[in-house]
1. Mind checking which pairs have a first residue in region 132-143 that is without any contact (Cβ under 8 Å) to a residue 40 or more places away in the chain and within 9 Å of Ile171 (Cβ to Cβ) and a second that is among the polar types (S, T, N, Q) and surrounded by 13 or more Cβ atoms within 10 Å (Cβ to Cβ), Cβ under 6 Å, 6 or more apart or different chains?
2. Please go through region 130-149 and pick out each residue that is within 24 Å of the chain's Cα centre (by Cα) and within 12 Å of Phe181 (Cα to Cα).
3. Among the candidates Gly170, Gly117, Gly178, single out the residue that is out of contact with any Phe, Trp or Tyr (no Cβ under 6 Å at 6 or more places or on another chain) and closer than 18 Å to Tyr201 by Cβ.
4. Hey, can you tell me all the residues within region 192-208 that are modelled with pLDDT under 90 and surrounded by 11 or more Cβ atoms within 10 Å (Cβ to Cβ)?
5. Quick check: is even one residue across region 133-148 touching a Pro at 6+ places or on another chain (Cβ under 9 Å), farther than 16 Å from Thr207 by Cβ and among the small types (Gly, Ala, Ser)?
6. Filter region 115-130 down to the residues that are over 13 Å from Ser92 (Cβ atoms), touching a Leu at 6+ places or on another chain (Cβ under 9 Å) and among the small types (Gly, Ala, Ser) and list them by number.
7. Does any residue in region 168-179 that is under 17 Å from Asn138 (Cβ atoms) and assigned by TED's automatic domain parsing to the domain that holds Asn138 come within less than 8 Å, Cβ to Cβ, of a residue that is surrounded by 14 or more Cβ atoms within 10 Å (Cβ to Cβ) and among the aromatic types (Phe, Trp, Tyr) six or more places away or on a different chain, and which pairs are these?
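The values are calculated or read from the model by the stated rules, or taken from the named source; none is laboratory data. Owing to the predicted nature of the structure, the values given are computational and were not obtained by experimental measurement. Cβ placement follows ideal geometry from the backbone for every residue including glycine, while neighbour counts extend to all protein chains displayed.
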Amino acid sequence: MHEAGKFANVGFAYDLSYDDLDWVQWYHSAEETLDMRRLTRILAAVFLAGAAHAEPPATVEDELGILNPQDTGREMLARKIEMGVIDSVTCSLGINATKYDDPELSKKLARRCADAGYTKAMTWMSQLENNGLGGEYNPDASAEWDRRAAEAGDPAGRFNHGMNLMRGHGIAKNEALGRRFVDQAAEEGLEIAKRLQGADYDLEEVTPDADNWKYAPLF
């Protein structure tokens, strides 16, 4: 216990009892604790900021294996394609990550995923082939991917396959069979299929103007 007496603070003097001195000691101890917490937070913020801007370690591949492999991004996708490692997460996330700005990589990945049985990849392969993305425009290949997706039970695949049959686009024309596939997709809740049913199967209802050239008759 410190002796009671005068305590100087910011140019002023106060007469303090023993209890007052104990309170002052507690107060300054609490201030020091708060200062340490603030310092810890500042240092943590500085560390995280530095880590965010730090360059990732270089990937090195040799006969012993891969050091610091890329676990995210296009490098990871390309590596998985080369290694033949295909899974549901890679297919669902990878195609979305590449389909707008890297059609060639997207097509490689989609083909692997489609061949492995993922129906969403089949419908995406159809879109790539039908729009000439990542390769030449190929309506026959597009229709084949839609057929495979439809036979695998995918509602979008059934709708697309039905549309192809009704148009005769990339496949022999068969309107009656095409409508049956559209009806199946509608029964499974696909809104665009219900919309086509409601329009009495008028293909103009669901065909963007920019795509009309694809489905025009050839003379």
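1. Short answer, once both residue conditions are applied: Ala143/Asn164.
2. Result: Asp146, Ala149.
3. Values: Gly170 fails: closer than 18 Å to Tyr201 by Cβ; Gly117 fails: closer than 18 Å to Tyr201 by Cβ.
Checking each option against the conditions leaves just Gly178.
4. Thr207
5. First pass over region 133-148, keeping only residues touching a Pro at 6+ places or on another chain (Cβ under 9 Å): 133-135.
Checking which are farther than 16 Å from Thr207 by Cβ leaves us with 133-135.
Filter once more, keeping what is among the small types (Gly, Ala, Ser): 134-135.
Yes.
6. Within region 115-130, no residue meets the criteria.
7. Pairs found: His169/Tyr215.
Let's see how each residue does on (1) more than 23 Å from Glu188 (Cα to Cα); (2) buried (at least 24 other Cβ atoms within 10 Å of the Cβ); (3) modelled with pLDDT under 90:
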| residue | (1), (2), (3) |
| --- | --- |
| Tyr100 | yes, no, yes |
| Arg112 | yes, no, yes |
| Met122 | no, yes, no |
| Met125 | no, yes, no |
| Gly135 | yes, no, yes |
| Glu144 | no, no, no |
| Gly153 | no, no, no |
| His161 | no, yes, no |
